[in-house]
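Taking it in order: structure first as structure tokens, then the write-up.
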Amino acid sequence: MRKSQNPLIKFTGYVLIGFFLLIIILSFGMPDLGLNCGGLDQGTVAVVNGKKVHTLDYLRYRDTKFSQFKNQKMDSYILDNYIMEIMLLQEAEKLGIDITEDRITRYILNSPDFKNPGTEEYDPQIFQMILNSNRMNFDEFKRLITRDMTLSDFRFLVSTGAAVASEDIKAKNIAENSRIRIKYAHLPAESIKLSYQGDLAVTDAEIDEEIKNQSVKISDPETDRARIKKEIEERKLLEVREKIASSINKAVEGGASFNTAASMLRGKIYTSETFKLGEKIKPAAGSNGAVQAIENSQIFISKIMGMPLNSSSPVISSHTGLYIFTPVERFVPSINPDEETVEKVKNSLAYASINMITRNIVRTLSEKSKVIKNLKTD
């Protein structure tokens with residue numbers, strides 16, 4: 001028994017699946033590439049830059065490449081992808097990409113799917129049997145292979161612009177394989193106000209002194225005094241916060257551990273989930289977004305990679321409160337990875353680069369192309 005994978009789509013499957021599947025999934029924010037036109041005859045599924053696309057060609061494309069989606073009302077979705085391929089084929093033709101008869105013949109003669117298992121030689125009967133099972137004649141097969149080879153050559157042409165620098169490989173390897181976990185303590189602003197409410201109290205005498213010293217004009221005694229009171233409270237709160245931070249920072253400079261600094265801060269302690277270098281910190285459950293203030297601070301950016309484990313950072317001050325942190329896990333892979341890792345990372349970066357270039361090409365072609373679709377494909 002022959003392999004279940006249809007040999008007529010193997011070429012496409014192995015060479016182009018990464019090239020177009022991303023296009024299908026993302027659809028580039030362009031699910032509709034043109035106008036629906038009910039006036040087209042049922043034999044035409046679309047017109048792409050003046051070229052008519054036959055409904056039977058679309059149905060063969062759908063049934064060959066996307067048979068698993070055939071009964072899921074995805075005709076429009078698949079048609080958009082088919083139109084994208086046609087636009088790329090038109091662009092490839094402009095670039096002079098041409099598939100010769102000799103190349104198609106070599107593909108047929110060398111394909112293991114068309115060989116006799118006993119002799120390992122090309123068997124025309126097996127080849128014809130496969131064409132028959134796919135309800136396809138030789139001319140239709142030739143068009144299919146020519147299209148897929150053209151797209152493969154176009155992808156290769158795109159890949160020549162996707163060179164990967166060695167420094168990018170090193171940086172990507174470090175980012176992808178690093179592991180960091182932090183412990184952090186958070187004293188919310190409201191908790192500071194509550195704990196130090198006695199120090200934040202403002203007397204009438206202090207308000208009078210503020211009016212006198214600052215030569216404040218009073219137009220409405222009630223509202224103006226309330227405003228001045230709030231300003232004095234905010235100033236006192238800032239002084240309290242600075243006093244707390246100064247005390248902890250002094251201890252940290254003297255080598256205090258995170259636990260010592262956290263006991264001085266009197267904030268709630270959390271431990272993050274493991275995250276990678278360059279990723280956002282993955283917060284512990286219930287930490288109420290405390291990590292945003294930490295990861296956006298210059299203290300975190302400058303300290304996280306050099307701090308000893310379980311030492312304490314200086315205090316990070318934010319409108320949401322005061323924070324300190326410490327790394328409790330930190331792994332950074334070697335800056336000179338082994339050859340297998342280099343090749344893996346290189347392929348990943350090249351693949352991403354090729355897809356980016358392809359997305360840009362398809363987006364540009366879509367903007368420039370004139371497409372009319374006739375969606376009555378059932």
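Taking 0.36 nm per residue of separation and subtracting the Cα-Cα distance, full extension of the segment from residue 280 to residue 234 would add 13.4 nm. Averaging the sequence gap over all C-alpha pairs within less than 8 Å and six or more residues apart, then dividing by the number of residues, gives region 179-331 a relative contact order of 41 percent. The order of the peptides 226-235, 290-299 by mean Cβ neighbours within 10 Å, most packed first, is 290-299, 226-235.
With a simple spin-label model that places each label point 7 Å from the Cα along the Cα-to-Cβ direction, the separation between residue 104 and residue 204 comes to 10.1 nm.
Which of 230/303; 212/236; 193/229; 276/344; 94/368; 183/280 have a Cα-Cα distance over 26 Å? Pairs exceeding 26 Å: 230/303.
Every number here is computed from the coordinates shown, using simple stated rules; none is lab data. This is a predicted model, so every value here is computed, not measured. Please note: Cβ atoms are built from the backbone with ideal geometry, for glycine as well, and neighbour counts cover all protein chains shown.
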